[in-house]
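Data block below; observations after.
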Amino acid sequence: MTALDCNRPREAAAKARLATRSGEHGLAWLAVSPALLLLVGLLFGPVAAVVLFSLTDWQLGSFTFHFIGIANFRALFADPTFWKALTNTLVYVAIVVPGTVLLGLVVALLIETSPGLRGFYRAAHFLPVMSTMSAMAIVWGTMLHPTIGLVNRALGVMGISGVNWLRDERTALLALALIGIWQGFGFAMVLFVSGLKAVPQQLYDAAAVDGADGVLDRLRFVTLPMLGPVTMFVVILTAKRSFEVFDSVRVLTQGGPNYASEVLLHRLYTESFDFLHMGYGAALTVVYLAVIVLLTLTQARLLERRVHYS
Amino acid sequence: MAEIELRDIEKSYGETAIVKGVSLSIRDGEFLTLVGPSGCGKSTLLRIIAGLEAQNSGEVLVAGRCVDDKRPKERDVAMVFQSYALYPHLSVFDNLALPLRTRRLSFAQRLPLVGRALPGRGDVEKAIRAEIEQAASMLDIAHLLRRKPGQLSGGQRQRVALGRAMVRHPAVFLMDEPLSNLDAKLRVQMRAEIIALHRRLGVTFVYVTHDQAEAMTMSDRVAVMMDGELLQVDRPERLYRDPEDLRVAEMIGSPKINVVSRAHWVSLGASLPAGIHRNTAHLAFRPEAVGIVASGDGRLNGVVASVENLGSDIFLNVTLADGQGTVVVRTHPDASRSEAGRSVGLQIDPACLLQFDGAGMRQREVERVEAAA
Amino acid sequence: MISRFSDRRFAGRVARHAILLLTAAFALLPFVWMVSLSLKPPQEIFQADFRLWPTAFHGGENYRIALTAAPMFSFLLNGVLVCAAIFALQLLVCIPCAYALAKLRFRGRDTLFSAVLVGLLLPPQALAIPHFVMLNVFGFLDTYAALILPWAISTFGIFLLRQFFRSIPDEIIHAARLDGLGEFEIIWRIMIPMTAPALAAFGIFSVVAHWNDLFWPLIAVRRAEISTPALGILLFRDDEAGQFLGPLMAGAVIIVAPLLLAFLIAQRRFIDGLAVTTMK
């Protein structure tokens, strides 16, 4: 264990070093192995399984199944309910995203303009974000109740006769979108506030020296441009959340009346777990997955391109 | 006893070679500094000695033993980092205690919660406390033991980092640019303290810096590195007076050494000094080796471009006659005043003239070569 | 000039409060309504004129019915249990993996990290069918395991913790290795304490998500005894006693309250935690 060690041939030394380094390899692999196992077992394996299921006629509980090619997808695309659910989801997203983002932005700007009651406002607007949607959906259900609901009572005071919001084909989706905005805009507000805090004061000073010192000028030339990246981010986040709308639909309308408020995820749930049409449900899942992944990827691309100022 | 021997160390990351076959012997108890521009591989070399990086080939010996298959903690080395690398969530005391605890407590005793209750831990802790207090008073940080690193000034953090290395009584101290995060005044003060620490501990110090002044003032020997290769390893004064390589000559000394190419010299109409080797391509001379004389034929002539008065010395920046290149001249304040715009001649002390060939290698004067032959 | 300036200032401030009070009312109204109804007797709920505070206080009765007709406390307890188990599992799996991805060099690291990024894309709902089938095969459906196991891996957690671990300088880890700490001790003694705020933020994110989740519990369990809060309130509504609005609202208050109280106590932590985790 002395100088002799170093007189051994170079190859042996190299081998010894390789051993220590592979020891580090081993350690690293040991550290990642649980995650790797679960990644395969709980994420990638299941995704492959869903694709596989979507090509079979398998029903839960039965022991046999056949590959039926793309028959499930053909059935899906021939199903008017699916198209209804898809359009409804898109309409829902188209209402909730701008509503949430705009409301969140306005509230954030107003909260940040002066310190009065700032803490109260922030907490108050954030409360819906933290609340359990299934419980609050029940509450909303009573608020939108045609006779005893707060909404119609308020309208009644103003001399307007309300409708049965959640049972009316024309308003059901709209009412759900309102609930979606209610829950989401506080979060958008918080993200905008953190974006506002990141705007350097010097920019306002510079704008003031350049003559843009009015509230609207500052907003137009400094604040809004600087909020570009955050806005993009909030839009993406809200869109993703809106595509995942489920709780309020399940609790309040279950897709009704007459599929007027049916959305993708609820469709997926009922087909797969109420009717146990696993093959059909899997095909729907594949479509849903494709939509979400496509959305995320395009938006990530957009995000990379659009919002880099530095 | 801890001399360090590096044999043909090579290290590359992918395609880029960082260290290219470095061999170096560091004596026991020596203060050796690795100096070079950033990216020259000096820090990598230090990390290889510490065992934090594995070399691709070559061997590291500490105290005559090959340590290539030893983990960092088994090598009996301590390291002080540029950022100090103190654990921000631990108090100064716990920062200093950590290396001792990991060495002296068994695995079971180190377990969270349970470990505290195990027998024998109390005695070890008592001994550790005593040692830390001793080291802390030596470094003048005894009053800081309860604080967290975030509450300390840069200089205090530096001392804690030194303390953490010290308490282990390692055979080798490795220091990676330990002073570069301090302000100028503190840096000079800490230099002196590290030298004193080295003298008191008497163990081997390997010190990495890009600051040639630090290297010159602190070390027994300096190893100059560039592009992954060792250019020269020598005592500071020898590096200054007798560099083997033009790059060494240019790196050591401030202001920089003056270099005039042979062709330039001739084109200026100046006669070459006696004893120029035929391979010599560059003539180099320190600012203090130049005297100001009246301009004239056959001399290196120029115009004083600017004057920098430092009080103790005056530096003249002299632009050569053809307007290409500048020579820095150090003059004594008592010497004749020179103001900008004056035409002057430069007289170089032939004994202090250094000659280098086209590749930058030192050429000894021709007489000496002949004498040797 | 000055007075006009300050007049405009004053008007601006009033407008700010007017608008914010309106939006705050929109945000808070359901909560006020819920609490108000939970304190009223049935006849008052159906009365034509609406009062915030009940004329006949019926709160005690409503809450008593909510707590006895449905296992409200066990819903909450299940929520705590399931959320704690999920978070503990996620930490156990994510921390070593995130550390290796951030600080160790090993072959396959980049591939693994890409896999994590791909995993981030997958919405959990898309995995419901195979998870359901798997749990069915193992006979775990309608047990706590069914609620917990599918969430054992969080690609988001790995990604987030890797980002935080990367922000810790390598020199600290090198110093720890020289000080004699092994890799797992480095994780335990250095990485975890240094990233405690990040871990707390991830914890808040994880707990809020799973406390409020309805989709998966709806699939995984049927029995009320092991239902989580979000599913429990639904079971209560479809129950006999839930047909009465007073007790139903009382139930909703009980379900919603714990998380909201936690939020009100540690507002900053929650808001920053959720904002930080999503912005990363």
Looking at segment B:147-163, is at least one residue over 31 Å from the mean Cα position of the chain (by Cα) and exposed (fewer than 13 other Cβ atoms within 10 Å of the Cβ)?
-> no
Within segment A:199-249, tally of residues that are surrounded by fewer than 17 Cβ atoms within 10 Å (Cβ to Cβ), of a type in the set (Gly, Ala, Ser) and touching a residue at least 24 places away in the same chain (Cβ under 8 Å) = 1
Select from segment C:132-159 the residues that are open to solvent by 20 Å² or more (accessible area, probe 1.4 Å), of a type in the set (Gly, Ala, Ser) and part of a helix (DSSP H, G or I) and list them in ascending order.
-> C:145
Please indicate, with yes or no, whether at least one residue in segment C:257-267 is without any contact (Cβ under 8 Å) to a residue 24 or more places away in the chain, open to solvent by less than 10 Å² (accessible area, probe 1.4 Å) and either in contact with a strand residue (DSSP E or B) (Cβ under 8 Å, 6 or more places away or on another chain) or more than 16 Å from residue A:137 (Cα to Cα) (or both).
-> yes
Among the residues of segment A:141-151, is there at least one that is more than 10 Å from every other protein chain (Cβ to nearest Cβ) and part of a helix (DSSP H, G or I)?
-> no
Considering only segment B:224-277, how many residues are within 26 Å of residue B:25 (Cβ to Cβ), surrounded by fewer than 17 Cβ atoms within 10 Å (Cβ to Cβ) and of a type in the set (Gly, Ala, Ser)?
-> 0
Only residues in segment C:23-48 that are on the phi < 0 side of the Ramachandran plot and outside any helix (DSSP H, G or I) count as the first member; pair them with residues that are buried (at least 17 other Cβ atoms within 10 Å of the Cβ) and among the aliphatic types (A, V, I, L, M), Cβ under 9 angstrom, at least 6 apart or cross-chain, and list the lot.
-> C:39/C:249; C:39/C:250; C:40/C:245; C:40/C:249; C:46/C:245
Residues located in segment A:245-270, provided they are facing chain C (nearest Cβ under 10 Å) and part of a helix (DSSP H, G or I) | A:247, A:248, A:250, A:251, A:264, A:265, A:266, A:268, A:269
Working carefully through the options C:129, C:192, find the one that is assigned to a helix (DSSP H, G or I) and open to solvent by less than 40 Å² (accessible area, probe 1.4 Å).
-> C:129
Residue match in segment C:210-222 (condition: open to solvent by 10 Å² or more (accessible area, probe 1.4 Å), under 30 Å from residue A:252 (Cβ atoms), away from chain B (no Cβ under 14 Å) and not in a helix (DSSP H, G or I)) = yes
Filter segment A:118-140 down to residues that are more than 7 Å from chain C (Cβ to nearest Cβ) and among the aliphatic types (A, V, I, L, M) and give me whichever is nearest to residue C:248 (Cα to Cα).
-> A:137
Which numbered condition residue C:57 misses (of (1) within 14 Å of another protein chain (Cβ to nearest Cβ); (2) out of contact with any helix residue (DSSP H, G or I) (no Cβ under 8 Å at 6 or more places or on another chain); (3) within 23 Å of residue A:149 (Cβ to Cβ); (4) open to solvent by 50 Å² or more (accessible area, probe 1.4 Å)) | (1)
All strands (runs of 3 or more DSSP E) inside segment B:8-66 with 3 or more residues being surrounded by fewer than 23 Cβ atoms within 10 Å (Cβ to Cβ) and within 11 Å of another protein chain (Cβ to nearest Cβ) = B:57-62
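The values are calculated or read from the model by the stated rules, or taken from the named source; none is laboratory data. The structure displayed is predicted, hence computed values, not measured ones. Every residue, glycine among them, receives a Cβ derived from its backbone with ideal geometry; neighbour counts consider all protein chains shown. Note: areas computed on protein heavy atoms with side chains; ligands, DNA, RNA excluded. Shrake-Rupley method; radii C 1.70, N 1.55, O 1.52, S 1.80 Å.
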